[in-house]
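Okay, structure first, notes after.
What follows is calculated from the coordinates using simple rules that are stated; it is not laboratory data. Just so it is clear, the structure is predicted and the values come from calculations on it, not from any experiment. All Cβ positions, glycine included, derive from the backbone under ideal geometry; neighbour counts span all protein chains shown.
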Amino acid sequence: MVYLVRLKLACAALAALAACAMDKPEVARAFVDRWAWAGPQTYFASARACTVGVYQLESPGLRNGVTRVFDTRQGVSLLRQGRAVAFADRQVTPDALAQAVMSMDLHTGLGLVSTVTGPRACMSDDVALNVHRILTQEGVITVYDPGENVLLLLDMVRGHAVFLRGTT
């Protein structure tokens, strides 16, 4: 009898933990689809404080109508207004972009950096290694939405999208 009670409590605890995920896969996919064309999901993990989703891209490039900039100052100005923006200069790595944003506006830059580092707990070792590689390579479009605390890395060279959300 005690065994059954413990089993029921363990099941209830697991159900409660599962309900504490920050995002559902559909939410991450919808965000990616606003900016690009999300294909098959290759990885997804969400916990109370983070979400990471990795998708293959069906098509390279950004969707029409999204806010894209090639000038970091213009992008920072939009971020200060709380607007989401795609930094579309593919010759600037996401890491170099984050440093440039921090030098122009520390608060905005820290928000961007925390959106990259916060979700580490939701990454497998393999995903973390690949995210690090993406952060340091050219050919990536960096989308940052300060209102939703989401960073989207669109690796146009390898055809992947990485959705990152963490708590601030």
Between residue 129 and residue 56, what is the label-point separation in nm under the 7 Å Cα-to-beta-carbon projection?
2.1
Given H placed on each backbone N at 1.01 Å, which residues far from residue 43 in sequence or on other chains put an amide H within less than 5 Å of it?
54
Cα gyration tensor shape of the stretch 89-150, rounded if a/c is under 1.5, else prolate or oblate by comparing a/b with b/c:
oblate
DSSP beta bridge pairing in the chain, given as percent antiparallel to the nearest 5:
95
Once amide hydrogens are built 1.01 Å from N within the peptide plane, the residues lying 5 or more places from residue 68 or on another chain with amide H under 5 Å from its amide H are 86
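Once you order the gyration tensor axes a ≥ b ≥ c over the Cα atoms, which shape class does the stretch 43-89 get: rounded for a/c under 1.5, otherwise prolate or oblate by comparing a/b with b/c?
Values: a/c = 2.98, a/b = 1.40, b/c = 2.13.
Oblate is the answer for the stretch 43-89, as a/c is 1.5 or above yet b/c matches or exceeds a/b.
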Relative contact order for the stretch 66-121: what percent, with Cα pairs under 8 Å and sequence separation of 6 or more?
30
Please compute the length gained on full extension between residue 138 and residue 73, using 0.36 nm multiplied by the number of residues separating them and subtracting their Cα-Cα distance.
21.5 nm
For the stretch 113-119, take each phi angle, set θ = phi - 60°, evaluate the Karplus expression 6.51 cos²θ - 1.76 cosθ + 1.60, and give the result in whole Hz per residue in order, putting x for glycine and proline.
5, 5, 6, 7, 7, x, x
Modelled label-to-label distance, residue 63 and residue 148, 7 Å Cα→beta-carbon offset: nm?
0.9
Could you tell me the relative contact order of the stretch 46-158? Use alpha-carbon pairs under 8 Å, at least six residues apart, and round to a whole percent.
31
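Go ahead and run the numbers for FRET between residue 34 and residue 106, Cβ-Cβ distance against an R0 of 30 Å, rounding to 0.05. Display every interim value, and only then the final one.
On the way: r = 28 Å, r/R0 = 0.93.
Using R0 = 30 Å, I get an efficiency of 0.60.
Compute the Cα gyration tensor for the chain, then decide on rounded, prolate or oblate, letting a ≥ b ≥ c be the square roots of its eigenvalues: rounded whenever a/c is under 1.5, prolate when a/b is larger than b/c in the other cases, and oblate in all that remain.
prolate
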Distance between Cα centroids, the stretch 114-168 to the stretch 61-84: provide it in whole Å.
17
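Within the chain, what's the longest stretch lacking trypsin sites (Lys or Arg not before Pro) that sit in DSSP loops with no more than 14 other Cβ atoms inside 10 Å?
Numbers: sites that count: 48, 63, 83, 158.
It works out to 84-157.
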